[in-house]
Every structure is written in C-alpha cells, then in structure tokens.
Amino acid sequence: MLEVTAVLALLGGEGGFFGRREVDFWGTRRAEAPAPAQSWADAAAPEPVKRLLDAPTPQNARAYVDWQKERLRRLQAAMAAVQAVAPKDVLYFAREGCRWCALQEKELEGIPVTRVQEGSPLWEEHAVTATPTLVVRGKALRGFTPREAVLKEIGR
C-alpha cells in the first residue's frame with residue numbers, strides 16, 4: 001500500500017496528492033484576507049473623501065475641494081449664529097479700596113458690565129489674581145484697561 005501512495009503522490013500533478021490542493025499539516029501557512037473592494041474601508045468617511053481616495057482623479061479632487069468649502073461656509077455660519085446669541089456681558093472683577101478699580105469704573109461708564117462679587121466661583125474660574133480684571137467674551141484683560149480697548153474687545 002505504501003508503494004501505491006508513493007506512486008500516486010509522484011503522479012499527483014500540479015495540485016498535489018490531496019484533492020489537487022496543498023495540505024498544511026503544521027499550520028504554518030496563513031490565510032490571506034481578501035482585499036477590500038475600496039481602499040478606504042471606513043464606512044463613516046464622507047462620500048467625497050471615499051471617492052477621492054478610491055479614485056484620485058481631478059474631478060474627484062475638485063468635488064472634494066468644493067465639499068470642503070461648503071462645509072467650512074456652513075461652519076462659519078453656525079459660529080456666527082452662536083456668537084449672535086452669546087452673552088456680550090463684560091465681567092468686572094474689582095476689590096473695595098483698589099485705586100485702580102476706581103479709575104477703571106470711570107472708564108466703564110455707560111458700558112454694561114456685570115460686577116462679580118469677591119468670593120464668587122467666577123474669580124477662580126477666570127483665574128483672577130489682580131484687580132481690576134475684565135473678562136470680555138472669555139478673554140481676560142488684567143489691570144487697568146482704557147475704554148477704547150474695552151470697546152474694541154466688545155465689538156469683536
């Protein structure tokens with residue numbers, strides 16, 4: 001029987017003895033994963049991105065650039081809408097007896113400000129260590145600030 005097996009193995013042809021395919025007795029070969037249909041397999045990627053990566057043609061590049069421009073236009077419009085409804089209050093941090101605060105108050109006449117009481121958590125939140133301090137749209141102006149500079153910050 002051993003002779004028959006040896007002869008059949010020698011005559012097996014191109015596919016090998018076992019059903020015309022190779023047998024991996026030791027598990028040393030790794031199965032190759034089939035190549036994905038697209039080079040960009042992330043299903044969450046926007047279509048213009050996928051098309052450009054799969055087929056980098058001038059048309060797909062133009063479509064991608066146009067998509068990005070529209071996306072940025074919409075983002076800018078959204079940011080403008082948020083700024084339109086954002087509070088424009090000026091937070092004013094001052095201490096009693098501070099001579100610079102007295103000068104600052106003269107500069108702030110006619111400008112709507114919210115005076116923040118000492119001990120308020122806002123002092124820590126805005127890292128106020130010196131007075132006067134003004135916070136306009138999240139930007140801290142430490143020390144005496146001329147009226148023109150305050151108005152400039154409010155107008156931004």
Report, by residue number, each residue of segment 93-130 that is among the hydroxyl-bearing types (Ser, Thr, Tyr) and over 26 Å from Gly155 (Cβ atoms). Ser120, Thr129
Single match in Arg29, Arg62 (criterion: exposed (fewer than 10 other Cβ atoms within 10 Å of the Cβ) and modelled with pLDDT of 65 or more): Arg29
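The values are calculated or read from the model by the stated rules, or taken from the named source; none is laboratory data. Treat the numbers as computed from the prediction; the structure is a model and nothing was measured. All Cβ positions, even for glycine, are placed from backbone atoms using ideal geometry, and neighbour counts span all protein chains on display.
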